[in-house]
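These notes concern the structure reproduced below.
The values are calculated or read from the model by the stated rules, or taken from the named source; none is laboratory data. Just so it is clear, the structure is predicted and the values come from calculations on it, not from any experiment. Here Cβ is always computed from backbone atoms with ideal geometry, including for glycine, and neighbour counts include all displayed protein chains. Keep in mind that these areas ignore ligands, DNA and RNA; they rest on the heavy atoms of the full protein, side chains included. Shrake-Rupley method; radii C 1.70, N 1.55, O 1.52, S 1.80 Å.
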Amino acid sequence: MSTSKYFDRICAVIAVLMIAVTAVFMNAESLGATSVMRSYAYEDTLFDTDTVHTIDIVIDDWDGFLETATQEEYVNCTVVIDGKAYKNVAIRAKGNTSLTNVAQYGNNRYSFKLEFDHYDDTNTYYGLDKLSLNNVIQDNTYMKDYLVYTLMRENGVDAPLCSFVYITVNGEDWGLYLAVEAIEDSFLSRTYGSSTDGELYKPDSMSMGGGKGMGGNVASSESGWGSSDVKLIYTDDEYSSYSNIFENAKTDLTDADKDRLIASLKTLNEGTDIESVVDVEEVIKYFVVHNFVCNFDSYTGSMIHNYYLYEEDGVLSMIPWDYNLAFGGFVGGSDATSLVNYPIDSPVSGGDTDSRPMIAWIFNNEEYLELYHQYFSEFIEEYFESGYVSELIDSTYEMIASYVESDPTKFCTYEEFEEGVAALKEFCELRAESVRGQIDGTIPSTSEAQSEDKSAFIDASDLSISDMGSMGNGGGPGGQGGPGGQGGQGGQDGNGGNPPTPPDGTDGNPPTPPGGSDGENPPTPPDGFNGNGDGSDDNDSNGFPGGNPPDMPNGGGESGDDNGFPGGGNFPGFGGQSASGNAGFNGQFPGGEFPGNGESGTSTGTFSTGTWILLGASLAALLAGLLIAFFYKKK
């Protein structure tokens, strides 16, 4: 026992010091120490893009589920993902007009949403809380969403992860879908950190179909359909003026959050001090990709939706969503030459650029416009002139072709799929050539200039935009076939011929699980590029209330009127269920063992220098305390 009269005081000081250092370390992130790399297990499992994954939906009454699909009610099921089963998962059909379209086309191939945490908030798939399964309606290529999300991420934009999955239902073939990470809690944690204070919104006033009515303050005008708030126009400081934003929030809001967003919108609309309210680099890169792929079912289109808005500390950024009608699909019967040469400096259809404040600031400032052109030039060079996108399309085709061929519910024939992929590849090549010319000044880059001179246009007269899929096509050879379906051709090629040959080695059974694909791996990205609510993804409206896409104005591309579709012309007027037990569980699960729910999804990674300094200081203080205590004890 130490006889020093200061021993107790020294120990007390050390204890207080240790508590203080520990408190600092525990709050390191809020004090400026940040994690520089986060990795979630689901990134490398389901979202491994080198293979086609498998999902088996095990459910008691599939027929009953399909009959009530348009009600968007959750039912209990078990899902087996790549051989591992997860019980007590909620599933419902999802979509907006796509729900109505599927029903109208007489096809049960709905998009689905899986919620792992619906019945038990501790349940996840390797940390993933919610998953969208997209039915690739109106996309004969099967890869529009996949290609755009890939390009967005590679170009430095926060975008959802995605991969191809072959779905079976109770062991029977259902079809090839695209699995997409839902823009919800898991996405926010993976992208912005687990302690993010940011707010997430999905502004929309054009909700149609699926039992959801039109949003408030919606109106048609020369600047497009939709309310002023979804255009991100500042009106006043009243919360009610932004109902289509706040009512579509995906995070819990306080009045302070609403005030902060309104203040940011005011600054954005004033066009001053943009860098204080916009993530300049990321938003410009978002619009570079977005404007390349000609998606008019979006913020820059006449419908003004299909985007997420993220706000943190008053700074705004855009998150991409729903690109199945990209590459001109929204106006699929249109003049391909006009679309290929669509002006990159007049990107808004159904209105002028100033009617979309989130993009207007780029074109109202020479410095930002120059940066936009710089990023666009780098994008074209790194991804198109390098051959990257061409190789990506080829390798994706090789990977999914056999699955498309054996897909019993597909919306198109296999031959139409092949034609669609070829058209997509040609569109990208011609579009890149035109954009390069617009950046270099050899091709006009505004609608006004293009209306005066089309002599340098890249000729795309041999390209059929509708080959890639468009607003007008959705039903297909699958009919209402598939498990629990009602007849249909069950995957025949639509011409009365024999069913397509299944993937090698399957003998008619579901395709080979992951690892069995003989397709090439996607090409390596170019150097220098980085690789709450009950309906966060339900406003993926693909068109008009009438269900019919507008035709391009006659002689599309000849008018300089910004109040229309590509090339000019005016926009036409518009004349959860509770559950108990495990559905379908009979003690066995196809493809593998039952691992239990709540698969660990804890992020891992390396820490910044500040974090290591704090950790080192804490350990040093602890060691010093132990040595001092030991020294006095010996005395």
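Assorted remarks:
- Surface analysis of region 268-373 yields an accessible area of 22 Å² per residue, using protein heavy atoms and a 1.4 Å probe.
- Across all C-alpha atoms in region 372-414, the radius of gyration and Dmax reach 15.6, 45 Å.
- Overall form of region 336-392 per C-alpha gyration tensor (a/c, 1.5; a/b vs b/c): oblate
- Mean Cβ neighbour count within 10 Å, used as a protection proxy, ranking 385-394, 146-155 highest first: 146-155, 385-394
- Dividing the convex hull volume of the alpha-carbon atoms in region 151-201 by its residue count gives 110 Å³ per residue.
- Anisotropy class of region 400-453 from Cα gyration tensor, a/c 1.5 cut: prolate
- Separation between Cα centres of region 93-156 and region 297-375, rounded to whole Å: 23 Å
- Along its three principal directions, the equivalent ellipsoid of region 355-430 from the Cα gyration tensor extends over semi-axes of 36, 16, 9 Å, largest first.
- Share of alpha-carbon pairs per 10 Å distance bin for region 224-379, given as whole %: 10, 41, 36, 12, 1
- Sequence-separation-based contact order of region 296-354, relative, with Cα cut under 8 Å and 6+ spacing, percent: 32 percent
- Size estimate for region 43-200 follows the Kirkwood approach: the inverse of mean 1/r over distinct Cα pairs works out to 16.3 Å.
- Share of carbon and sulfur in the accessible heavy-atom surface of region 291-357 [1.4 Å probe, %]: 37 percent
- Three-way shape label, region 291-412, alpha-carbon gyration tensor, a/c 1.5: prolate
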